[in-house]
Amino acid sequence: MSELILKNVCKMYDKKQYAVRDFSLKIEDGEFVIFVGPSGCGKSTTLRMIAGLEEITSGELWIDKQLCNYVEPKDRDLSMVFQNYALYPQMTVYDNMAFALQIRKVPKKEIDKKVQEAASVLGIRHLLKQRPGALSGGQKQRVAIGSAIMREPKAFLMDEPLSNLDAKLRAQMRVELSELHKRLSATMIYVTHDQTEAMTLGTKIVVMKDGFIQQADTPKAVYEHPANLFVAGFIGSPSMNFFEGSIRKTDKGADFVLESGTALEIPEDRAFALLNEYRNKKVILGVRPEHFLSEITAKDPKADYTKRVLNGVITTREMLGAESMFYLEEASAGEFAARLPVETKGRTRDEMTLFVDMDRVHFFDAETEHNIFYRGGQQ
Amino acid sequence: MKQFVEKMKGKSAYAYLIPCFLVFAVFLFYPFVKTIYLSLYKTDKLGQAKLFVGLENYTDLLTSESFYNSLFVTLLFVVIVVVGSMLIGLIGAVLCSKAFPGIRVFSTSYALPMAIASSGAAMIFKIILNPTIGILNKLTGLDINWIADPKYALICVAVLTAWLNSGINFLYFSAGLGNIDESIYERASVDGATGIQKFFRLTLPGLSPIMFYTLVVNIIQAFQSFGQIKILTSGGPGESTNVIVYSIYRDAFFNYKFGSAAAQSVVLFLIIMALTLVMFKVEKKGVKY
Ligand SMILES: Nc1ncnc2c1ncn2[C@@H]1O[C@H](COP(=O)(O)OP(=O)(O)OP(=O)(O)O)[C@@H](O)[C@H]1O
Ligand SMILES: [Mg+2]
């Protein structure tokens, strides 16, 4: 197991546009790093550069203190699950899984043991004699995972390895991968579009957009302290609500004022900082759906709770199980979503008053879209 | 009436086969039946059947040393040609499967033999192989009379034929390689496979369906080579390049033994058919699609 360092790695296809730009990241031994980002932001490209399948246009890749820009893929000792599976069509599932060991001349008995073991973990034992052509997408994907976990390489690279599985199987595989990571204390780099996978598996999340890293931090930090508007909107599902408005001075401190005139009281600790720099300037308020409350539980004696409410008309209501999603329409801010306990009353077209947990909201600079209170983060 | 129409509906499919069947009948079935017919007769110089002899033409063949020599020469010739042409085609296709500057020039030259007439190539080879002015002897510093020496004559025509047939093989294999998904090579290299391992574990199995097809076509084609043998060696020296097809030609049009020639044609047909059947049997086991 090992440590990977990427220094200002760039990738340009066909001398036109950067697919990945200035990618700098240190991946410690045993870390489980998750790459997330919208489609086409360069996640697969980064993974392929680490694997050596794509030439690095500029920058440096260090694996275990060795500069690896020009090391052949076969000598990097990594293993990879490809986004399109890349199974060998002429071989059986068994041989597909055994391939990496077979070419290393591992004894047959040992191979057999490992293949059987992995196959039963993945639930594909009955498919071992089939050829990939006869498998469903999810089965192929499990074969691809199986092939990748045969060895103990320096790092596992997985490009959306669970994307084609059903919800139950996905949850099961998530647990297996997490266990594998613990058992081998393996370094893993993992691409996913699934929020749950990203939050539960990763020890570090790397959020990318247009080839740039937006933020790289622990799941908790990325969720609680997003670096900018994009990360805030991308992480968390359903995503954060944004309200445009401005900062206004009051006797006690400061208010955030929506265009409709509705004012929200800003807690003291942040009021002064905001007043200093953003007085009467445009800012964007970010509130996660779960930070709306139908009634107050915690009491802050200094807070004026009547000035921490938002009114809206219910447009849609969705049952999620233990909770309900409410979609509301506010006069100026437009539609926003709130996640409330399932027993909350309210029907479509009813007026509803919600408390905003102002201690957990985010303020973004309307121009740069940076989180005003973001103070760097660990890299 | 209605019943009749119903009946004809099912049968009408056969009507569409008639044009094709007519062409086949005139150019394939008739000559084929006629050949079998002739092989049972002694003929006059114009090839008319004169005297029914039953299987005598065949028994004559089976006791003739010259015929066994023909068989042996043919076999050797076919093996060299098929192995040679498939190897050249395969190596060319693998070399040209990656893009590099000037690839067009190389692909064209590998595919070129396809466009050369066999007799034309034979004429050029005749000059190349000429013991006194030929470039082969000049370059290698050897002093061998390639075509006139029974030891080398067969190899020379076989190599020429292999090269001639390699063009189409190059095309087949290139198409086959194009069908192999590039990403499995990527996975193999991450898995740690060397170039040679990739070739034997991925490329060859990936080519196996087209390889089988090419093999069958090549064997049949090799059995039927004629032009280049006629021009380069005329079956000689001695009988060293007297393959069956050439022997048929010689018996029919020089010795006017049409009966014997017809019998040899039938034997050749049987051999090719048997081989093809065997290969299709083997295919069921060996070829993975
Ligand atoms: N071979 C290529 N040639 C040219 N451009 C490419 C190539 N591969 C990828 N790109 C471009 O690079 C960018 C990043 O692609 P990449 O495959 O890394 O996206 P991704 O983040 O993995 O997306 P997804 O989530 O859809 O898999 C895209 O804009 C894509 O168009
Ligand atoms: Mg991708």
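The values are calculated or read from the model by the stated rules, or taken from the named source; none is laboratory data. The structure presented is a predicted model; accordingly, all values stated were derived computationally and were not measured. Virtual Cβ from ideal backbone geometry, glycine too; neighbours counted across all protein chains shown.
Kindly establish whether A:Q116 is away from every other protein chain (no Cβ under 13 Å), crowded, with 23+ Cβ neighbours inside 10 Å and either of a type outside the set (A, V, I, L, M) or under 23 Å from A:M173 (Cα atoms) (or both). Lay out the reasoning, then the answer.
Values: away from every other protein chain (no Cβ under 13 Å): yes; crowded, with 23+ Cβ neighbours inside 10 Å: no; either of a type outside the set (A, V, I, L, M) or under 23 Å from A:M173 (Cα atoms) (or both): yes.
No: the conditions fail for A:Q116.
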Sort out which residues of the range A:58-79 are within 14 Å of chain B (Cβ to nearest Cβ), in a loop (DSSP other than H, G, I, E, B) and surrounded by 14 or more Cβ atoms within 10 Å (Cβ to Cβ), and write them in order of number. A:C68, A:V71, A:R76, A:D77
Kindly indicate the residue of the range A:22-64 that is within 15 Å of A:E160 (Cβ to Cβ) and β-branched (V, I, T) and also nearest to ligand 1 (Cβ to nearest atom) among those meeting that condition. A:T45
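Residue-wise test of (1) under 24 Å from A:L4 (Cα atoms); (2) under 20 Å from the mean Cα position of the chain (by Cα); (3) among the aliphatic types (A, V, I, L, M).
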| position | (1), (2), (3) |
| --- | --- |
| A:S120 | no, no, no |
| A:G138 | no, no, no |
| A:Q141 | no, no, no |
| A:A144 | yes, no, yes |
| A:D166 | no, yes, no |
| A:V206 | yes, yes, yes |
Any residue in the range A:121-131 that is more than 13 Å from chain B (Cβ to nearest Cβ), farther than 22 Å from A:G202 by Cα, charged (D, E, K, R) and out of contact with any Ser or Thr (no Cβ under 6 Å at 6 or more places or on another chain)? yes
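Which of the residues that make up the range A:275-304 are more than 29 Å from the chain's Cα centre (by Cα) and surrounded by 14 or more Cβ atoms within 10 Å (Cβ to Cβ)?
First, pick out the residues of the range A:275-304 that are more than 29 Å from the chain's Cα centre (by Cα): A:275-281, A:295-304.
Residues satisfying the conditions are A:L275, A:Y278, A:A303.
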Selection status of A:S44, within 16 Å of ligand 2 (Cβ to nearest atom), in contact with a His (Cβ under 9 Å, 6 or more places away or on another chain) and assigned by TED's automatic domain parsing to the domain that holds A:G133: no
Name every residue in the range A:80-112 that is assigned to a loop (DSSP other than H, G, I, E, B) and more than 16 Å from ligand 2 (Cβ to nearest atom), in order of residue number. A:L87, A:Y88, A:P89, A:Q90, A:M91, A:T92, A:I103, A:R104, A:K105, A:V106, A:P107
Residue tally, condition part of a helix (DSSP H, G or I), within 10 Å of another protein chain (Cβ to nearest Cβ) and touching a helix residue (DSSP H, G or I) at 6+ places or on another chain (Cβ under 7 Å), over the range B:166-202: 8
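Listed here are the residues, each with its yes/no results for (1) at pLDDT 90 or above; (2) closer than 18 Å to A:Y85 by Cα.
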| site | (1), (2) |
| --- | --- |
| A:L157 | yes, yes |
| A:E160 | yes, yes |
| A:L165 | no, yes |
| A:S178 | yes, no |
Only one of these is at pLDDT 90 or above and more than 15 Å from B:A263 (Cβ to Cβ): B:L87, B:L112. Name it. B:L87
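Take the range A:315-342 and flag every residue that is of a type in the set (G, A, S), under 25 Å from the mean Cα position of the chain (by Cα) and in a strand (DSSP E or B). Break it down into steps so the answer makes sense when it comes.
Kept after step one, since they are of a type in the set (G, A, S), are these residues of the range A:315-342: A:321-322, A:324, A:331-334, A:337-338.
Restricting the remaining residues to those that are under 25 Å from the mean Cα position of the chain (by Cα) gives A:321-322, A:324, A:337-338.
Within the range A:315-342, A:S324, A:A337, A:A338 meet the criteria.
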Can you find, within the range A:140-177, the residue that is nearest to the other protein chains (Cβ to nearest Cβ) among those that are acidic (D, E) and within 16 Å of ligand 1 (Cβ to nearest atom)? A:D159
Condition check: more than 30 Å from B:L112 (Cα to Cα), free of Cβ contacts under 8 Å to residues at least 60 places away in the same chain and not assigned by TED's automatic domain parsing to the domain that holds B:I244. Does B:F72 satisfy that? no
Hey, does the range B:43-52 have a residue that's within 25 Å of the chain's Cα centre (by Cα) and not in a helix (DSSP H, G or I)? no
Residues in the range A:201-219: is at least one within 16 Å of ligand 1 (Cβ to nearest atom) and modelled with pLDDT under 90? no
If I filter the range B:1-42 down to residues being touching a strand residue (DSSP E or B) at 6+ places or on another chain (Cβ under 9 Å) and not in a helix (DSSP H, G or I), which single residue comes out as farthest from B:F258 (Cα to Cα)? B:L40
Considering only the range B:162-180, I want to know if a residue exists there that is more than 22 Å from B:T276 (Cα to Cα), free of Cβ contacts under 8 Å to residues at least 24 places away in the same chain and crowded, with 18+ Cβ neighbours inside 10 Å. no
